[in-house]
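The structure under discussion appears below in the form of structure tokens.
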Amino acid sequence: MGDLVLIGIIVIIVVVAIAAVVYLLGRSRGAAAKPPAPVPKTPRDPFAEQGTEGDPRTIKAGDMLDFGIERTWVRGSLRLSEGGWDWAEHFMEVEGERRWLSVEEDPDVQIVMWTGRPDLSLVPGPKTLEVEGVRYRFVERGTASYRSEGTTGLRESGGMDYADYEAPGGRHLAFERFDHGGWEASLGTDVALGSFTIYPGG
């Protein structure tokens, strides 16, 4: 009788041990199959990597630009490309006046603020052109393709021709025509890198 009781106890212990092993194995498999919990995104300073002013190469529609005495929003952008050379023009309104900011790397970042001059009855061609007593010298001309983002008044994509003139003191005269339209003249001035702040729009 005592032997039977002992055997029964041993059987019970073995069964419990097997059940425990099966349970633990099941838990370990479940834990391995369970995907890791997503790591919450940490709030990030948008200017941490490029300084407090922001990176002008990343400007896009919806961003706010603060020039100290003027604050405006980028309404649209043109992404232009010619033979592997890329640059951008960002459209905005300042006190009701239509302007745009061009940003290119050649090889350093060059920024110019432009104001349209539809009143000028000039077309590109001569080696020099004079506007309001300033003589501009021809620099280059070419043809590029564009992609339009936001509000630009142009199609989603197309082609443009341009001709650039320069004068001392960081002054520029440019002509552009889009999709075989008429020439549009504009005057520009150099903008120093870091002289304005970019607030990303999202």
In which sequence would Phe196, Phe138 go, from the one with the fewest C-beta neighbours within 10 Å to the one with the most?
-> Phe138, Phe196
Relative contact order (percent, whole number), the range 125-188, Cα cutoff 8 Å, 6+ residue spacing | 25 percent
Val139 versus Leu122: modelled label distance in nm, points set 7 Å from Cα along the beta carbon direction | 1.4 nm
Could you give the nm distance between label points at Glu53 and Gln110, where each point is 7 Å from its Cα heading toward the beta carbon?
-> 1.7 nm
Among Trp85, Trp183, which comes first, then next, by fewest other beta-carbon atoms within 10 Å?
-> Trp85, Trp183
Modelled label reach - Met64, point 7 Å along Cα→Cβ, the range 176-202 residues with backbone N closer than 15 Å = 197-202
Convex hull of Cα atoms in the range 56-199, direction-averaged projection (nm²) | 8.7 nm²
Sequence-distant residues sharing a close amide H with Ala61 (under 5 Å, placed H) | Ser77
Relative contact order computed over the range 64-202 (Cα-Cα under 8 Å; 6+ residues apart), in percent = 25 percent
Counting only residues 5 or more apart in sequence or on a different chain, those whose built amide H sits under 5 Å from that of Arg117 are Ala185, Ser186, Leu187
Go through the range 58-65 residue by residue and turn each phi into a ³J(HN,Hα) via Karplus (6.51, -1.76, 1.60, θ = phi - 60°); whole Hz please, and just put x for glycine and proline.
-> 9, 4, 8, 4, x, 6, 9, 10
The residues Lys60, Lys127, sorted from fewest to most surrounding Cβ atoms within 10 Å, come out as Lys127, Lys60
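Throughout, read-outs are computed from the coordinates displayed, never taken from laboratory work. Since this is a predicted model, take the numbers as computed values, not measurements. Please note: Cβ atoms are built from the backbone with ideal geometry, for glycine as well, and neighbour counts cover all protein chains shown.
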